[in-house]
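First up is the structure itself, then whatever we jot down about it.
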Amino acid sequence: MTQDLPGAGELVLLVGLGNPGPRYAGNRHNVGFLVLDELAARIGGKFKAHKGGAEVLEGRLAGRKVVLVKPRSYMNLSGGPVAGTARFFKVGPESVVVVHDELDLPFGALRLKFGGGDNGHNGLRSITKSLGTKDYYRIRFGVDRPSGRMDPADYVLKDFSVVQRKELPLHLDRCADAAEALVASGLAAAQNTFHVA
């Protein structure tokens with residue numbers, strides 16, 4: 001099992017998870033899309049519709065060729081567009097990095113890992129099924145668990161709180177930095193830098 005992305009000449013697929021459309025744009029579940037928007041701003045390009053069922057942007061990040069991918073399907077069907085885009089660009093699962101919301105981390109905390117379970121995340125479950133393996137990279141962005149009795153499924157489909165929205169740009173920027181570090185320096189180095197919150 002590899003713990004580092006393939007060599008510098010190889011393409012990396014950076015996938016952000018979310019639900020399409022303005023209704024969901026500010027939801028906690030859409031933090032993957034928000035991080036990819038930050039990365040797109042750094043690359044200096046715009047997403048375009050792709051036949052793989054996703055919005056894509058090709059460019060360079062940290063000196064490497066990358067494709068930013070936002071599936072156009074709903075979260076629980078993310079796997080089809082991710083697998084289709086990976087096939088189109090001839091990229092194996094070991095070159096796929098998925099940015100997603102994580103209930104089991106405090107708001108804004110980041111964790112990077114390779115492989116593992118889906119922890120009840122329907123987007124990850126769909127991607128694992130479609131790729132046929134759990135062996136791809138994940139950048140987990142903490143959104144915290146709901147207080148009281150709110151169903152976590154309802155919680156992730158709500159917008160960030162007023163206080164969180166003020167802090168969100170800083171955390172999105174940091175998550176984009178983590179994605180760049182993973183692409184540039186590998187998993188261990190990125191973990192050492194970003195597993196502090």
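Looking only at strands (runs of 3 or more DSSP E) that fall completely inside segment 33-85, which ones have 3 or more residues that are at pLDDT 95 or above and over 18 Å from CYS175 (Cα atoms)?
In segment 33-85, the matching strands (runs of 3 or more DSSP E) lie at 54-61.
Quick check on ALA153: is it over 16 Å from LEU77 (Cα atoms) and either at pLDDT below 95 or not in a loop (DSSP other than H, G, I, E, B) (or both)?
no
From the set of residues in segment 156-197 that are basic (Lys, Arg) and either in a helix (DSSP H, G or I) or in contact with a Pro (Cβ under 6 Å, 6 or more places away or on another chain) (or both), which is least open to solvent (accessible area, probe 1.4 Å)?
ARG174
Could you please find all residues in segment 92-135 being touching a residue at least 60 places away in the same chain (Cβ under 8 Å), touching a Leu at 6+ places or on another chain (Cβ under 9 Å) and acidic (Asp, Glu)?
Those that are touching a residue at least 60 places away in the same chain (Cβ under 8 Å), touching a Leu at 6+ places or on another chain (Cβ under 9 Å) and acidic (Asp, Glu): GLU94, ASP101.
Can we say TYR74 is under 20 Å from ARG28 (Cβ atoms) and surrounded by fewer than 17 Cβ atoms within 10 Å (Cβ to Cβ)?
yes
What pairs come out if I take residues in segment 72-86 that are more than 13 Å from VAL97 (Cα to Cα) and pair them with residues that are acidic (Asp, Glu) whose C-beta lies under 6 Å away, six or more apart or interchain?
none
Is it the case that ARG138 is buried (at least 19 other Cβ atoms within 10 Å of the Cβ) and modelled with pLDDT of 95 or more?
So ARG138 passes the test.
Of the residues ILE127, ILE139, only one is outside any helix (DSSP H, G or I), under 28 Å from HIS50 (Cα atoms) and within 16 Å of the chain's Cα centre (by Cα); which?
Being outside any helix (DSSP H, G or I), under 28 Å from HIS50 (Cα atoms) and within 16 Å of the chain's Cα centre (by Cα) holds for just one of ILE127, ILE139, which is ILE139.
The values are calculated or read from the model by the stated rules, or taken from the named source; none is laboratory data. As the structure is a prediction and not an experimental result, all values here were calculated from the model. Every residue, glycine as well, gets a Cβ built from its backbone with ideal geometry; the counts of neighbours run over all protein chains shown. These area figures cover heavy atoms from the full protein model, side chains too; ligands, DNA and RNA do not enter into them. Shrake-Rupley method; radii C 1.70, N 1.55, O 1.52, S 1.80 Å.
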